[in-house]
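The values are calculated or read from the model by the stated rules, or taken from the named source; none is laboratory data. All values reported here derive from a predicted model rather than from experimental measurement. Quick reminder, even Gly has a Cβ in these numbers, built from the backbone with ideal geometry, and neighbours come from all protein chains shown. For the accessible areas, the whole protein counts, side chains as well, though only heavy atoms, and no ligand, DNA or RNA atoms are used. Shrake-Rupley method; radii C 1.70, N 1.55, O 1.52, S 1.80 Å.
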Amino acid sequence: MSYVFDPVPYPTLPIKGSDKLFPVRRIFCVGRNYAEHTKEMGGDTKDPPFFFQKNPDNLVTDGKFPYPPQTSNVHFEIEMVVALKSGGINIKTEDALSHVFGYAVGIDMTRRDLQDVAKKLSRPWEVAKAFEHSAPCSALVPAAQVPSCSKGAIWLDVNGQRKQTGDLAQMIWDVPGQIAYLSTLFELKRGDLIFSGTPAGVGAIKKGDMMHGHVDGVGDLEVTVV
Ligand code: MN
């Protein structure tokens with residue numbers, strides 16, 4: 001059998017120190033995984049985090065974020081990205097890290113004005129979260145080279161000014177907890193990514209801005225708004 005037309009190329013991430021590519025299957029994102037960010041969004045810190053999704057082809061790996069249409073309030077959210085090499089359902093917390101291929105630095109770009117409308121009208125979030133170029137991401141660092149996925153600074157600068165600061169230790173659901181819980185809702189598979197939530201300090205960008213995100217032990221990501 002052949003295709004009726006050429007398939008769109010499979011979304012991939014580069015891997016640090018390798019000429020192989022990581023094929024991306026799904027992108028899961030944790031909402032409100034840092035209490036200080038929950039507060040700045042007007043949420044109740046007693047409510048547990050939750051998941052939403054982006055599309056794999058929303059990934060950006062060339063360091064350029066085109067300012068999207070239909071919005072005038074686009075926010076950055078610096079996040080550590082967890083990449084899975086295997087999956088399953090009902091994964092035990094103590095087994096969860098054995099499914100991790102590596103980690104990356106990502107930015108969950110958000111059309112905040114459209115998200116505010118969606119929240120008010122109890123509508124889904126795709127227009128706010130799963131639009132073209134909404135998932136800038138660094139190369140993956142293999143897990144063996146990452147000293148810790150549970151502590152270390154996470155921050156984001158815009159034009160050299162610090163906007164977001166946090167520590168991975170502040171995550172409400174740590175990485176094993178995210179994988180375990182997500183696997184009770186979905187069947188996880190190799191190639192899945194999890195954007196693990198953002199610390200406080202999110203804000204708007206404009207054309208020409210340069211975002212510089214960092215996660216200790218994982219690395220850096222520089223993205224220009226074009
Ligand atoms: Mn986010």
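Take the conditions (1) crowded, with 21+ Cβ neighbours inside 10 Å; (2) within 17 Å of Lys16 (Cα to Cα); (3) among the β-branched types (Val, Ile, Thr); Ile154 misses just one of them, which is (2).
When Gly63, Gly43, Gly88, Gly31 are checked against the criterion of being without any contact (Cβ under 8 Å) to a residue 40 or more places away in the chain and open to solvent by less than 30 Å² (accessible area, probe 1.4 Å), Gly43 stands alone in meeting it.
Within the range 115-145, the set of residues being within 19 Å of the chain's Cα centre (by Cα) and without any contact (Cβ under 8 Å) to a residue 60 or more places away in the chain comprises Gln115, Pro124, Glu126, Val127, Ala128, Ala143. Checking each residue in the range 167-201 for being within 13 Å of the ligand (Cβ to nearest atom) and buried (at least 22 other Cβ atoms within 10 Å of the Cβ) picks out Met171, Gln178, Leu193, Ile194, Phe195, Ser196, Gly197, Thr198, Pro199.
When Phe101 is tested against (1) crowded, with 20+ Cβ neighbours inside 10 Å; (2) within 16 Å of the ligand (Cβ to nearest atom); (3) outside any helix (DSSP H, G or I), exactly one condition is not met: (2). In the range 19-28, the residue that is farthest from the ligand (Cβ to nearest atom) out of those that are open to solvent by 50 Å² or more (accessible area, probe 1.4 Å) and touching a residue at least 40 places away in the same chain (Cβ under 8 Å) is Pro23. The conditions of being within 16 Å of the ligand (Cβ to nearest atom), crowded, with 17+ Cβ neighbours inside 10 Å, under 16 Å from the mean Cα position of the chain (by Cα) and more than 18 Å from Arg112 (Cβ to Cβ) are not met by Ile78. Restricting Phe65, Phe50 to those that are aromatic (Phe, Trp, Tyr) and either at pLDDT below 95 or on the phi > 0 side of the Ramachandran plot (or both) reduces the list to Phe50.
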